Amino acid sequence: MDRRKALKKAGLLAGATIAMPSMFSLLQSCKSETRLDWQPEFFTEEEAKTISALIDTILPATDTPGGLDVKADMFIDKVVAHTYDAEGQKYMRDAIAEFNQACKEKYGAIFPELSNSEKIEVLKDAEANSPKFNPGIWGTSVGEQEPVGFYRSMKSMAIWAYFTSEEIGENVLSYDPIPGTYEPCKPLSEVGNRWSL
């Protein structure tokens, strides 16, 4: 990966965490809910299944927890329910319906009902054809940002929810709640994982 791409990715992640620190309380509130008793605050059952299937396809469980393991879908439901205005909520409903309709037209079923290989094909197509975020510097977009559409914004929100979750922050990323000494010339090979704090 070249330096520009690395800075771009780091900037987007940093921007998400810096731009909306109030979202952490929503993320924390998802921690106590379990899969069996979760009732979406905003999404309908079909919409919630679509978001969950999308997150599970983008961030599947491997040797680390997946997006559903850290309840990213519950977090997104809370974000939309508590921070989107009526226009934003209507856009979200319309975008999910449009996304599922495109899946029906191409594969005969809505996204959560597709096979894994079909879901991957849908995401490959969306990745190739969705507008992209402008490059950013420390969370600030360079130039005027055009709308990125449902897929790109949902992917960004899922990744943000994932990396700001307690499970990933403490057990996957490097974590030191009480940092040690400042080491300005430490070799990059000794740094290890990206740090959560």
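Just so you know, all these numbers are worked out from the coordinates, no wet-lab data involved. Quick caveat, the model's predicted, so the values are computed rather than measured. Every residue, glycine as well, gets a Cβ built from its backbone with ideal geometry; the counts of neighbours run over all protein chains shown.
Neighbours of Glu127, meaning other residues whose beta-carbon lies under 11 angstrom from its beta-carbon, give a summed charge of +2 when Lys and Arg score +1 and Asp and Glu score -1. In terms of the mean number of neighbouring beta-carbon atoms within 10 Å, the peptides 91-103, 42-54, 119-131 order highest first as 42-54, 91-103, 119-131.
Given the pairs Lys78/Lys132; Lys49/Lys132; Lys49/Lys106; Lys90/Lys119; Lys78/Lys155; Lys49/Lys90, which are separated by over 22 angstrom at their Cα positions? The pairs that break the limit, which is 22 Å between Cα atoms, are Lys78/Lys132; Lys49/Lys132; Lys90/Lys119. Packing, as the average of other Cβ atoms within 10 Å across residues, places the peptides 156-163, 78-85 in the order 156-163, 78-85, highest first. Once the Cβ-Cβ distance of Ala128 and Tyr107 is raised to the sixth power relative to R0 = 22 Å, the FRET efficiency obtained is 0.80. Fully extending the segment from Ser117 to Glu166 would add 14.6 nm, taking 0.36 nm per residue of separation and subtracting the current Cα-Cα distance. Given their separation in residues at 0.36 nm each and the Cα-Cα distance between them, Trp138 and Glu98 gain 11.1 nm when the chain is fully extended.
How many nm separate the modelled label positions at Tyr91 and Ala61, each set 7 Å beyond the Cα in the direction of the Cβ? Using points 7 Å along Cα→Cβ, the separation is 3.4 nm.
Dividing the convex hull volume of the alpha-carbon atoms in segment 102-197 by its residue count gives 164 Å³ per residue.
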